[in-house]
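I have placed the structure first, in the form of structure tokens, so that the comments after it can refer back to it.
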Amino acid sequence: MLAIEGIPLYYLELCIGQRMRKGSVGVWNEISPYLGGVGIASVVVCFLVSLYYNIIIAWCVFYFVKSFENPLPWSECPKEKVTFGNITRLQLVPECKKASPTSYFWYRSTLNISDSIENSGGMNWPMCACLVGTWILVWLSMMKGIKITGKVICFPRLSGA
């Protein structure tokens, strides 16, 4: 569907939008008032994709911050205190022994998944902070527009060729 419908519609919308100097909704309304929903659907899909990608970037920021810890939190299983009578020992978390340290870190630290559906587990504040930071970075980069990104990459001109 992407090759047959998605890319040609996007290319058509891009070309007509540049020619008419209008946005996604305006282009399809100009073609036909009945096609305005295609433009609205395009805007909604772009919004949902941006939400999804910002969450992935927030995960990357979380891993980047955690990678400065020594030892790495996903390199070994965490230990918990277990008391047998008067004796207290440190044992590996049983769930981590069944899986691997990396999957335990992903599900229990990064995603903060609870044990059951009845237990909500509360807010994952570190991930929420990463997501807010990601949205602030996106807003700062969008605030200046495309003009600033054109100045970042500078290639020297080759003389004579």
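Each value in this text was obtained by applying a stated rule to the coordinates, not by laboratory testing. Because the structure is a prediction, the values reported are computed rather than measured. Neighbour counts run over all protein chains shown; Cβ positions are idealised from the backbone, glycine included.
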- Could you list the residues of the stretch 100-117 with an amide nitrogen less than 19 Å from a label point located 7 Å from the Cα of Asn70 in the Cα-to-C-beta direction? none
- Taking the chain, how many lysine pairs are there with alpha carbons less than 26 Å apart, if each pair must be eight or more places apart or span two chains? 11
- Relative contact order of the chain (C-alpha contacts under 8 Å, at least 6 apart) in percent is 15 percent
- Integer Hz, Karplus 6.51/-1.76/1.60 couplings in order for the stretch 16-32, x for Gly and Pro: 5, x, 5, 5, 8, 6, 9, x, 4, 5, x, 5, 6, 5, 5, 5, 7
- Task: Starting from the coordinates of the alpha-carbon atoms of the chain, obtain the Kirkwood hydrodynamic radius over all distinct pairs and give the value in Å to one decimal.
- Result: 21.1 Å
- Query: If each of Tyr53 and Leu90 carries a label point 7 Å out from its Cα toward its Cβ, how far apart are those two points in nm?
  - Reply: 4.3 nm
- Trp106 and Val132 label points (each 7 Å along its Cα→Cβ direction) are spaced in nm at 2.8 nm
